[in-house]
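Asks: After the structure tokens below, expect a handful of questions from me.
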Amino acid sequence: MQATIQPSLLKGIIQAPASKSSMQRACAAALLSKSKSIIKNPGHSNDDKAALGILKALGCEVIMDNEELIIDSANSFLKSTIDYRPSTIAVNCGESGLGIRMFAPILALSKSQIIINGEGSLLNRPMDFFDEVLPKLGVEIISNNGKLPLKIKGPLQPKNIEIDGSLSSQFLTGLLFAYAASDTKDVSIKVKNLKSKPYIDLTLTVMRDFGLQVPENKNYSAFYFAGRTINQSTNQQINYTVEGDWSGGAFLLVAGAIAGNISVKGLDVNSTQADKKIIEALKDCGCNIFIQHDKIEISNPLLGMRGFYFDATDCPDLFPPLVALAAYCKGETIIKGASRLTHKESNRALTLQEEFSKMGVEIKLQKDEMIIKGAEKIKGATVSSRHDHRIAMACAVAALKADGETNIEDAEAINKSYPDFYEHLKLLAASISINQPINL
């Protein structure tokens, strides 16, 4: 699929998409609650659908009713007292990095053999963490030389362990959920070099909202599980509302800063989502931004925007929208944390450098920093998403004020996280046409 974007002036009000970080964690928590959960404002990205597919494969009942998602996990195959449990269960995580890293330890709670597979770029992402950690917890595992598919067989037995959190906090999220689901007491997970701490805050918040055992967070260096308390129950219906997505919302806000005067609704400034930090960059670059209780108003300033410094170590998903923003800022912008971009849907540091160079934007990579030189004129060009959803959205946003039209190849990559992205830009008066390939 190819998306063609013409220079556009944006205006109007738009609702931010549902957070897939919140949605996927809610799916995991609903599975472990072993009860009925009602999820409002559910997401429908490919990653969200993959999470629901895992729940269905584990025997959960999943129903969409009047835009509410009903998940009943009372008879899931993870339940120890269930009469029937298949000897082997196969699940597919799609291209979701969070999905594989979060669900693998949870699936290891089962006594059945679980075959975990994925698609696209996920097949090339390293899974050595599981080869190293899961056997320490009594789990049998066979990987494809540190990659998918994985074959695991539990049940996982929580023990005192120490892990490295420098690659991703998502591995820790999976272990926290798995430990919370057990009745083991007095165990802890020690963590060194933890990155993306706000995402662990989100995990702990979702665990609390679903009535799961929440560990004591000892300054992110250790998480101690004391055992279930008398207040915790897994038999009551749980109601949960998925937050608006700051990761997808960041692209809308940057689009407003570059090319218009818009309002974005549905973003909670008190959220634990790491990507709400985009607000700092928008303020530092000098765009017009007004945060109100029910919306964020943002527009391009008459005197232009200026380069800024930003540490994205704990929020690496902000690199693509930040690069689009920096392209329109006078002078240089420095973004720290580029080393976090290697194992994404693409090698995002190199992909951003190569694709934005086609639009006349110079990007330098120096150790852990990305340096973007604001361009006097952004050129319309033919670029490729490289099958990376955030690259597709970054190029689309940068194209809104380019000189000439921009064509984005493999534009359907947005379906991984924000399938309504192009339609939402159209609602804000962007000129976008979608060309589907013809199947002969």
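Asks: Just to compare against my own numbers: the Cα pair-distance distribution for the chain, 10 Å bins, whole % per bin, please.
Replies: So the P(r) values, bin by bin, are 5, 22, 31, 24, 14, 4, 0.
Asks: Taking every pair of alpha-carbon atoms in the stretch 125-244, give the share separated by more than 21 Å as a whole percent. Please report the intermediate quantities before stating the final value.
Replies: Working: 3012 of 7140 pairs.
Value for the stretch 125-244: 42 percent of Cα pairs lie more than 21 Å apart.
Asks: What does the net charge come to around C27 if you take all other residues with beta carbon closer than 11 Å to its beta carbon, with K and R at +1 and D and E at -1?
Replies: Result for the neighbourhood of C27: +2.
Asks: Given charges of +1 on the Cβ of Lys and Arg and -1 on the Cβ of Asp and Glu, with all other atoms neutral, how large is the dipole of the stretch 81-137 about its Cα centre, in debye to the nearest 20?
Replies: On the way: 5 positive and 6 negative charges, 34 e Å.
Dipole about the Cα centre, nearest 20: 160 debye.
Asks: Here's something else I'd like to know. With N residues in the stretch 112-167, what two-decimal value do you get for its Cα radius of gyration over 2.2 N^0.38 Å?
Replies: So the stretch 112-167 has a normalised radius of gyration of 1.15.
Asks: In addition: Need one number for the stretch 170-216: average projected area of the convex hull over its C-alpha atoms, nm².
Replies: 3.2 nm²
Asks: If you take the Cα Rg of the stretch 191-290 and divide it by 2.2 N^0.38 Å, with N the number of residues, what do you get? It would help to have the intermediate numbers written out before the result.
Replies: On the way: Rg = 17.7 Å, N = 100, 2.2 N^0.38 = 12.7 Å.
The value comes to 1.40.
Asks: Using alpha-carbon pairs under 8 Å, 6+ residues apart, how would you state the relative contact order of the stretch 125-195 in percent? Each step should come with its number before you reach the end.
Replies: Working: 92 pairs, mean separation 20.4, N = 71.
Result for the stretch 125-195 is 29 percent.
Asks: Here's a follow-up. Determine the per residue accessible area of the chain with all protein chains present and a 1.4 angstrom probe, expressed in square angstrom.
Replies: Values: 17820 Å² over 440 residues.
Dividing the accessible area of the chain by its residue count gives 41 Å².
Asks: Okay, next question. Using a 1.4 Å probe over the heavy atoms of the protein chains, calculate the carbon and sulfur portion of the accessible area of the stretch 286-424 as a whole percent.
Replies: Details: 2540 of 5430 Å².
The nonpolar share, carbon plus sulfur, comes to 47 percent.
Asks: Please give the peptides 426-433, 332-339 ranked by average Cβ packing (other Cβ atoms within 10 Å per residue), highest first, as a rough proxy for protection. List each step's numbers first, then the result.
Replies: On the way: 426-433: 17.5, 332-339: 19.9.
Highest mean packing first, the order is 332-339, 426-433.
Asks: Okay, moving on. For the chain, what does -39500 (n - 2.57) per DSSP helix run (n ≥ 4), summed and divided by total residues, give at 222 nm, in deg cm²/dmol to the nearest 500? Walk me through the numbers on the way to the answer.
Replies: Working: 12 runs with 126 residues, N = 440.
It lands at -8500 deg cm²/dmol.
Asks: To continue, here is another question. Kindly provide the Kirkwood hydrodynamic radius of the stretch 352-440 in Å, to one decimal, from all pairs of distinct alpha carbon atoms. Walk me through the numbers on the way to the answer.
Replies: Working: mean 1/r = 0.0719 Å⁻¹.
This gives a value of 13.9 Å.
Asks: In whole Å, how far is the Cα centre of the stretch 356-388 from that of the stretch 44-69?
Replies: Going from one Cα centre to the other spans 37 Å.
Asks: Go through the stretch 348-438 and name the GluC sites (Glu not before Pro) that are in a DSSP coil and have 11 or fewer other Cβ atoms within 10 Å of their Cβ.
Replies: Numbers: sites: E354, E355, E362, E369, E376, E405, E409, E412, E423; in loops: E376, E405.
Answer in residue order: E376.
Asks: Below 8 Å between Cα atoms, with a sequence gap of 6+, how large is the relative contact order for the stretch 83-172 in percent?
Replies: Working: 153 pairs, mean separation 26.6, N = 90.
In percent, rounded to a whole number, it is 30.
The values are calculated or read from the model by the stated rules, or taken from the named source; none is laboratory data. As the structure is a prediction and not an experimental result, all values here were calculated from the model. Reconstructed Cβ throughout: ideal geometry from the backbone, glycine too, with neighbour counts over all protein chains shown. What goes into the accessible areas is simple: the full protein's heavy atoms, side chains included, and nothing from ligands, DNA or RNA. Shrake-Rupley method; radii C 1.70, N 1.55, O 1.52, S 1.80 Å.
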